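Note sheet for the following structure.
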Amino acid sequence: MNSPSSPPPTLSGFKAVVVDEWALYRQGVASVLRNLGIDVVGEAATAADGMMRLWSGRPDLLIAGSPAHSRLPDLVAEAKKAYPELRVLALLPASEAGKVRPVLSSGADGVLTRLASPDELESAVRKVAAGERVLAAAALTVLVGTEPKAADVSTSAHPLTLKEREVLDLLAKGLPNREIAATLVISTATVKSHLSHIYEKLGAKNRQDAVGRAIEQGLL
């Protein structure tokens, strides 16, 4: 067991590709990744070049910022379709708040703003690499804007039940169905039933989309 003063373990063995149109930004992100022991197998300025780097390097992780001449949600969707096991951390410009849900719906496993500090990026990378979902609390205010008033949420045509809200909260933390079931002491079949109702009420097509829509509606 590590002592309290021991440094956190590195992510040696992990490989990553960084896509962003700004070379200095790519290099900064790559530096943080290398400090974690991650092998940066490719850097690219465009989505097309990024996909080539994914094909040649077969990384575990994609850090997707602002690809030149392309939309970030499109890059995330294309990357996840080609490599479903790939973990994707998106770095959104603070000015593009409207892209939070599209990026999540496209399959991103985590979202930060490009204003994130190196420590915040490192923490997010560790979580995403471990299979967790990351929606940094400090970034959500910038990404989503002010929360809707309580009345706005309560007047929803399809309000969530208390149990559905509990499932949604755990879903946002990245827990799989079996862990949600264990936490709430219910069966996995019941979890799936709650998720089906959540998707229907929020108009969501998958887990990421449900989280994104819930954020927009002030439910998370």
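If I model a spin label as a point 7 Å beyond the Cα along the Cα-Cβ vector, how far apart are those points for LEU24 and LYS173 in nm?
That separation, rounded to one decimal, is 4.0 nm.
In the range 21-75, carbon and sulfur make up what percent of the accessible area (probe 1.4 Å)?
The computed percentage sits at 53.
Can you list residues whose amide H is under 5 Å from VAL134's amide H, if they're 5+ apart or on another chain and H is modeled 1.01 Å from N?
Result for VAL134 returns GLY110, VAL111.
Report the residues of the range 38-59 in range of a label on ASP74: point 7 Å along Cα→C-beta, backbone N strictly under 17 Å from it.
Of the residues in the range 38-59, 45-52 have backbone N under 17 Å from the label point off ASP74.
List, in the order given, every pair from LYS81/LYS163; LYS15/LYS205; LYS15/LYS127 whose Cα-Cα distance in the structure shown is over 25 Å.
Checking Cα-Cα distances, LYS81/LYS163; LYS15/LYS205 exceed 25 Å.
The values are calculated or read from the model by the stated rules, or taken from the named source; none is laboratory data. Remember, it's a predicted structure, so these values are computed and weren't measured experimentally. Backbone-built Cβ (ideal geometry, glycine too); neighbour counts: all protein chains shown. Areas reflect the complete protein model, heavy atoms only, side chains present, ligands, DNA and RNA absent. Shrake-Rupley method; radii C 1.70, N 1.55, O 1.52, S 1.80 Å.
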